[in-house]
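Encoded as structure tokens, the structure appears first; notes follow it.
The values are calculated or read from the model by the stated rules, or taken from the named source; none is laboratory data. All values derive from a computational prediction rather than experimental measurement. Ideal geometry is used to build each Cβ from the backbone, glycine not excepted, and the neighbour counts take in all protein chains shown. When the accessible area is computed, the model is the full protein with side chains, heavy atoms only, and any ligands, DNA or RNA have been set aside. Shrake-Rupley method; radii C 1.70, N 1.55, O 1.52, S 1.80 Å.
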Amino acid sequence: MKRLLLFPDTTQIEGDVLTIAGCDLAALAETFGTPLYLYDRATLDHAVEAYRQALAAAYPGPSGLTYAGKAFLCRALAEWIGQRGLWLDCSSQGEMAIAVAGGLPPDRILVHGVNKSAADLEAARRHAGVIVVDNLTELARLAERPEIWLRFCPDVQVETHAHIQTGRAGSKFGLDEKQVEEAGRLCREKGLPLKGLHFHLGSQFREAAPVTAAVERTLALAARLGLGEEWTLSPGGGWGVAYHEDDLPQPEVAAYVQTVAQAVVAGCRRYGLPLPRLQFEPGRSLVARAGVAVYRLGAVKQTGGRRWLLLDGGLADNPRPALYAARYSALPVRGAARPAAGPAWFAGPYCESGDVLIAGLPFPAVEAGEWVAVPVSGAYQLSMASNYNGACRPAVVWLEEGTARLIQRREVPADLLRRDLSLLVNPSESR
Ligand code: LLP
């Protein structure tokens, strides 16, 4: 079944029920409740291997992988990052705190951010090995550590939703060519350790060709800056994944890495530059397909000629359909092989018409009380989840070789009150 290709590598239909890593999804939903997010370790590991093998095959210089924590981060994931020898891209002191709790040392932590706060900069000084500078004001605040890379905006467009384009002139991200040169001069003057150049063109693109132009412009700058023997070029992340069976086959990581690597090798030869360390920074293409969301179907209704399947989650744990018109797919946890009984509209319980997770997907006849599994749920869902309507964020379970471990407990209403202070209690009494 084509739809099954969207699920983690270890997914099977055993008897009548979907299993991942040998764990029965119906049993997991029963035990942990829903909405439930599952992460399959084997799929995460395979995704890392795909990048590493592609780099080994295509790039003769040193290389590495930084996982973009914004896609999904928690303590257990940071621990996995440590075990796999990845670096972690953190966007704030909050993500750095999770990285540190997961045991990551400074030489594995890299910090990004458009407007890093004083607290972010202080956390970076203590916990990070690399800081990627977004603007000249920020540069003026830095000292001898950590190592500095400059974020260059190369004015290159990739094909994706406008909200997740980042590499065109006029974007809020990074420095233009003149500013990069000015930053290079300031680093020399102040003796700051400028060691790399970075760009990130956007997210969820499937054509690698535009990255070549960005590599070319970045290498031209590196040559002008006189970056020496040990420098890093990071082409950021952004490689896309298939969310729906119509998007298959899966965009190939190997082809993407090869295109970028060849552009770097050819450009360095042309400019007489030493080969940099080539450090990719993927989030989604490492973590999206490893994640599955499981919902309980609370009711089925027909209105306006549509078959509505009403789930116990949606907009609050996955705002992506509302924000980017993202198109998802799904299977029933039991009886996934049943034939479709016409299109279905999957909606959540939240007070907003935009809370439609999937529109018009061919789906079997299902009844209230059944569970539905939504694949490719590992990236930018939980990390963008909210407490809208008092929603409690889902539990997260790690699946590995037949075992299921809770790595994030479900929120409870008491969590929603944890930061709240009363107007009615006398402050002197509450002290
Ligand atoms: N590096 C930088 C500097 C980034 O800003 C990002 C993503 C990445 C790497 C990783 O990109 P990825 O490989 O995951 O595409 N919320 C949106 C995606 C926002 C991406 C933000 N930056 C979504 O749900 O599609």
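Things to note:
- Looking only at segment 247-276, and only at residues there that are within 16 Å of the ligand (Cβ to nearest atom) and touching a Leu at 6+ places or on another chain (Cβ under 8 Å), the one that is nearest to LEU227 (Cα to Cα): VAL260
- Residue match in segment 141-157 (condition: closer than 23 Å to VAL260 by Cα, away from the ligand (no atom under 14 Å from the Cβ) and open to solvent by 40 Å² or more (accessible area, probe 1.4 Å)): yes
- Qualifying residue in segment 174-192 (condition: within 13 Å of the ligand (Cβ to nearest atom) and either open to solvent by less than 40 Å² (accessible area, probe 1.4 Å) or part of a loop (DSSP other than H, G, I, E, B) (or both)): yes
- Among the residues of segment 379-415, just one is outside any helix (DSSP H, G or I), open to solvent by 50 Å² or more (accessible area, probe 1.4 Å) and on the phi > 0 side of the Ramachandran plot, namely GLU401.
- Where a residue in segment 364-378 is in the same structural domain as ASP246 (by TED's automatic domain parsing) and its partner, wherever it lies, is hydrophobic (A, V, I, L, M, F, W, C) and open to solvent by 10 Å² or more (accessible area, probe 1.4 Å), with Cβ under 8 Å and at least six apart: none
- Neighbours by Cβ (under 8 Å, 6+ apart or cross-chain): first from segment 78-99, farther than 15 Å from GLY113 by Cβ and within 15 Å of the ligand (Cβ to nearest atom); second open to solvent by 40 Å² or more (accessible area, probe 1.4 Å) and of a type in the set (Phe, Trp, Tyr): ILE81/TRP87
- When THR19 is tested against the conditions (1) open to solvent by 20 Å² or more (accessible area, probe 1.4 Å); (2) without any contact (Cβ under 8 Å) to a residue 12 or more places away in the chain, the lone failure is (1).
- Residue check, ASP40 modelled with pLDDT of 95 or more, open to solvent by less than 50 Å² (accessible area, probe 1.4 Å), touching a Leu at 6+ places or on another chain (Cβ under 9 Å) and not hydrophobic (A, V, I, L, M, F, W, C): yes
- THR232 in contact (Cβ under 8 Å) with a residue 12 or more places away in the chain, within 16 Å of the ligand (Cβ to nearest atom) and over 29 Å from THR137 (Cβ atoms): no
- Boolean, ALA347 is farther than 19 Å from MET1 by Cα and small (Gly, Ala, Ser): yes
- Any hit, segment 226-246, residues being modelled with pLDDT of 95 or more, buried (at least 19 other Cβ atoms within 10 Å of the Cβ), hydroxyl-bearing (Ser, Thr, Tyr) and closer than 30 Å to MET1 by Cβ: yes
- Test: residue in segment 258-266 that is among the small types (Gly, Ala, Ser), in contact (Cβ under 8 Å) with a residue 24 or more places away in the chain and surrounded by 18 or more Cβ atoms within 10 Å (Cβ to Cβ): yes
- Scanning segment 158-170 for residues being within 28 Å of ALA242 (Cβ to Cβ) and away from the ligand (no atom under 11 Å from the Cβ) gives a total of 3.
- Any hit, segment 38-46, residues being part of a helix (DSSP H, G or I), of a type outside the set (S, T, N, Q) and farther than 19 Å from ARG405 by Cα: yes
- Strands (runs of 3 or more DSSP E) fully within segment 286-378 that include at least 1 residues being out of contact with any Asp or Glu (no Cβ under 7 Å at 6 or more places or on another chain), within 16 Å of the ligand (Cβ to nearest atom) and of a type outside the set (Asp, Glu): 291-303, 356-362, 371-374.
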